[in-house]
Structures are given as C-alpha cells and as structure tokens.
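The values are calculated or read from the model by the stated rules, or taken from the named source; none is laboratory data. Predicted model only: the values in this text are computed from it and were never measured. Cβ coordinates were reconstructed from backbone atoms using ideal geometry, including for glycine residues, and neighbour counts include every protein chain displayed. Ligands, DNA and RNA are excluded from the accessible area calculation, which covers all protein heavy atoms including side chains. Shrake-Rupley method; radii C 1.70, N 1.55, O 1.52, S 1.80 Å.
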Amino acid sequence: MTVMTSNSLSRATAAIDASTLQARRGSGRLSLNWYRITVTIPDRIGALDPTGATVVFEVVLDDYAEVWVDGRLPKRLGQVGGSMIGGFNAPSRVVVTHDARPGQRIQLAVFGINGPISDPPANYIWIRSATLDFYKAPRFPAVPASAVRVTRAHAALDAIAPADLRVEKVAEGFQFVEGPVWVRDGGYLLFSDPNGNTIYSWSPDDGLAVFRPKSGYTGADIGEYGQPGSNGLTLDREGRLTIDEHGNRRVTRLEKNGVLTVLADRFEGRRLNSPNDLVYKSDGALYFTDPPFGLPKFHDDPRKELPYSGVFRYAAGRLSLVSTDLSGPNGLAFSPDEKYLYVTNWDTKKKVVMRYEVAADGSLDRGRMFFDMGGAPEEEALDGMKVDTRGNLYVSGPGGLWIIAPSGTHLGTIRLPEMPANFAWGDEDGRTLYLTARTGFYRMRLGVEGIRP
C-alpha cells in the first residue's frame, strides 16, 4: 500500500498485483466478470488516523463496471460514474463509508462487462486502476452562535443586519473553502475545497459528505498545484450543477444522470487560465471569470496560454470574451433586473468592483468602477460576491463582508471570525447567508432575501 498525504487530505492507494490481473481476465465475445476484495481499515495510514474519515473507492475498468459495497449497489448522483455504469473506461467512484473505524471490514465487489453491449469487442476485461481515498473528517464545533462586530456606515443596514446579529460556525478543519451554492431541491449546500480537490455537501439533517472527489483536477502532477480542485459552483435553470475546475482549466456541467459535459475549456484555440466564479443569466447564458489563480505560478506560470484574465459568456454552444478590464476578475453577480453585471477584482493594487451594462445580445458595455475599496487599511483584495432581492451587493473585501447599496453607498461591513471567500443564500426562505472562509464555513440570518440560482 502506497500513501500520499497533504494537510487536509490523505490518500491511500490499494493495488492488486498487476501480474495477477492478467490472469483474472474474462474471455469471449460477451464476457462478464466479478472482482471481490475485503478491505480492513488500518489503525494508521502514514500520518493519518482514519477514524471518522470518509472513504471513497474508485475503479477504472475496461470496459464497464458496477460497484457493490457490502452487498448493496449504492445509487447516488454527483459522482463520476457512481456505482452504475459510467461509460467506456470511465472512473466509477463510490462512497464506502462516511465514518471509518480502524478494524472495520468492508466488502467491495466490482461487476465488469466488456462492451459496448450492442457490439462487444473480441477482447477481455481488466482493471486499469483501483484506489481508496481517505478524506479526513472535519470538525463540528460544539459552540453556540456568537455575536459579530458590525461597522454600520448607513442606517439602511439595520434592516439587513439586526442589532443582535450572530454568526454560527457550521464546520471546520478544512484548508480553504469556496464556491458555495444552496440546492433548494433537497435542501442542502454544496461547496468546494480547492486545495483538497473535493466538492462537499452539507445539510442540517445529514451533515457533511463528500459529494465529488477529484472535483477539479485528475493529473498526475497534482502536487505542483496549490488549488487544483473546483472553485465556483452554481445551478442552471434545470438544476444541473455547473463547476469551475481550476486544475483542468475548464467549465463543466454535471448532468442529471451523472455524466460530465465540458462547456468551455478553450478560447480561440488556447486553453483557459483557471475558471474561478460563475453565474447564469435568466436566459440561460453563463458568465464566468478566468484569472490564473488556479495555476501553480499564477500570472507567471508557463502553462498560461491567454495573455489576459477575461470575463467570458457561454451561450448556445458559443464562447465569447466580454471583458479584459481586470487583472484578477473574480466574483460576479447580476443586478435583480439583470441590467448590470458586477465583477470584483482580486488585485491588492486595484481593489474595485466594476459594473457593466448588459446589452441585448449579452455583451457587456460601458464598464465603470462602481466601488473602490482601496482606502481600506486591510491588505485583502476582493473575492466572492452575491446580491439580494433589493439589489444590495455582498462583497468579500478587506476586513470582511462589505454590504453596498445599488446606489454605490457603503452600508456597512460585517467582520467575521475568519476572512470570507464567497457566499450563498440558503434555507427555505433564502434569508440565511452561508459563508465559506479559510478553515470552515459559517451561516447567519439576515433581514432580506437573496437572489439564488
């Protein structure tokens, strides 16, 4: 057993001797095979104590596979392939347990078929790879919601942030979390761990679970990347999850059947930098930012192919460049009437929110600086952004969460225990703001409803 470790993720790779795999192959025009193995959770995996960890099994089989865990065929949307047939040589990933215990025995069974079924090839079945990934259990702090410090710059903030505003830390123990989106059909939150290359789900009833391993990168040189995983997440009009994949440098959509569709990965023949955040317009057009922050050396990375950091629009199968004004375009959000698109800039030398008029054809026009945070004493630049139904902007900026009226008036700043990265309006009424931060994520109840996908 070989072990690769990082701060938040330890990955153990269990392998069957390659010489025995050739002997375990099926034969015949239409061949079916079973592979079975019993896994015992060890006391230690390198430096990792697996107690409480989430364990994910991945198998890549030539050609098709179904995966059974302890005699059951789990069916869960959100995993590539999942437990059911994922396609020709596709990786099938299944959560084995969310609460591993040393000594625990788990039986895995893989049912293999050589295909396509309608035109079976004259070959045999064989396993390309089989791995177990251990995801360290996060901590759920047993502390009550605490008061937060609010700088009130305008009386209008009182209707948004009550005098007794409190924030609750929901979970902790991550390296850095980003890109949250609330899924109303099911009542749960999805969010990215870019450093750990994982998408997690969380709900008040079910708690935390690994939703999608290898969420943004599948390359062998993953150790070179600081944030190889997914970043921004959102939902389209049909409720399909759309993902900014940092390391893979593309925007993808997870279909209802678990198939992953690549929406955009190149512009005019050149690879994108590392798509960061994204938002859909009500007509179905997708807008996303593309700074190089997912690349190992950012702007100076030799892998960078585009000479700019752009804002892109994807509609009807066509990708168009709509802005190159900013060195680090990051968060973006539409005004409630969709007349304007706001874009934040991650650049410590230019801490601004830009506002663009949205033309009838979806292009952007008359971009101007909407708000400048350059006078703030804190060093942070601008990150994620959301908008409420009244048109107020919620911006991750120097020192915390800035709330800005649609007139450009600074209403106030909420200073949290950790610097927030991005936000999502959640719960049934859309008045709970979920905030992903450095090592955990938080929530607080506000007096207004937010705009959700």
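What the table below lists for this structure:
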| item | result |
| --- | --- |
| Gained length - His410 relative to Gln104, 0.36 nm times residue gap less alpha-carbon distance | 104.7 nm |
| Chain lengthening between Asp164 and Arg36 when straightened (0.36 nm per residue, less Cα-Cα) | 40.4 nm |
| Summed side-chain charge close to Tyr442 - residues other than Tyr442 whose Cβ falls under 13 Å, Lys, Arg +1, Asp, Glu -1 | +3 |
| Cut-off under 5 Å, modelled amide H: who pairs with Lys351 long-range | Met373, Gly374 |
| Prolate/oblate/rounded label for the chain (Cα gyration tensor, a/c 1.5) | prolate |
| Per-residue HN-Hα couplings for the stretch 199-213 [Karplus 6.51, -1.76, 1.60; θ = phi - 60°; Hz; x = Gly/Pro] | 9, 9, 10, 9, 9, x, 8, 9, x, 9, 8, 6, 8, 8, x |
| For a label point 7 Å along the Cα-to-beta-carbon line of Arg431, residues of the stretch 130-171 with backbone N under 17 Å | 157-168 |
| Positive-pole candidate from Gly284, Gly186, Pro213, dipole of the chain, charges at beta carbon | Pro213 |
| Whole-Hz couplings from phi, Karplus 6.51/-1.76/1.60, listed for the stretch 307-318; x for Gly and Pro | x, 9, 9, x, 10, 10, 10, 10, 8, 6, x, 10 |
| Potential extension, Asp301-Arg149 segment - 0.36 nm per residue separation minus Cα distance | 50.8 nm |
| Relative contact order (%) - the chain, alpha-carbon pairs under 8 angstrom, separation at least six | 13 |
| Dipole moment magnitude, nearest 20 debye, the chain about Cα centre, only Lys, Arg, Asp, Glu C-beta charged | 480 |
| R0 of 60 Å, Cβ-Cβ distance Asn257-Thr348: FRET efficiency to nearest 0.05 | 0.85 |
| Rough spin-label spacing in nm, given labels placed 7 Å along Cα→Cβ, for Ser363 and Gln175 | 4.1 |
| Label zone at Arg452 (point 7 Å along Cα-to-Cβ), backbone N below 16 Å, the stretch 164-181 | 180-181 |
| Probe 1.4 Å, all protein chains present, accessible-area order of Lys256, Lys281, largest first | Lys256, Lys281 |
| Cα-based shape type of the stretch 173-278, given that a ≥ b ≥ c are square roots of the gyration tensor eigenvalues and the cut on a/c is 1.5 | oblate |
| Residues of the stretch 385-415 with amide N under 13 Å of a point placed 7 Å along Cα→Cβ from Lys339 | 391, 406-407 |
| Residue-normalised accessible area of the chain, given per residue in Å² at a 1.4 Å probe | 42 |
| Rel. contact order, % - alpha carbon contacts under 8 angstrom, at least six apart, the stretch 381-421 | 31 |
| Rounded to the nearest 10 Å², the accessible area of His98 at probe 1.4 Å | 80 |
| Cα gyration tensor shape of the stretch 259-320, rounded if a/c is under 1.5, else prolate or oblate by comparing a/b with b/c | prolate |
| Given Lys169/Lys349; Lys304/Lys349; Lys297/Lys350; Lys136/Lys281; Lys169/Lys281; Lys136/Lys351, the pairs whose alpha carbons are separated by over 28 Å | Lys169/Lys349; Lys136/Lys281; Lys169/Lys281; Lys136/Lys351 |
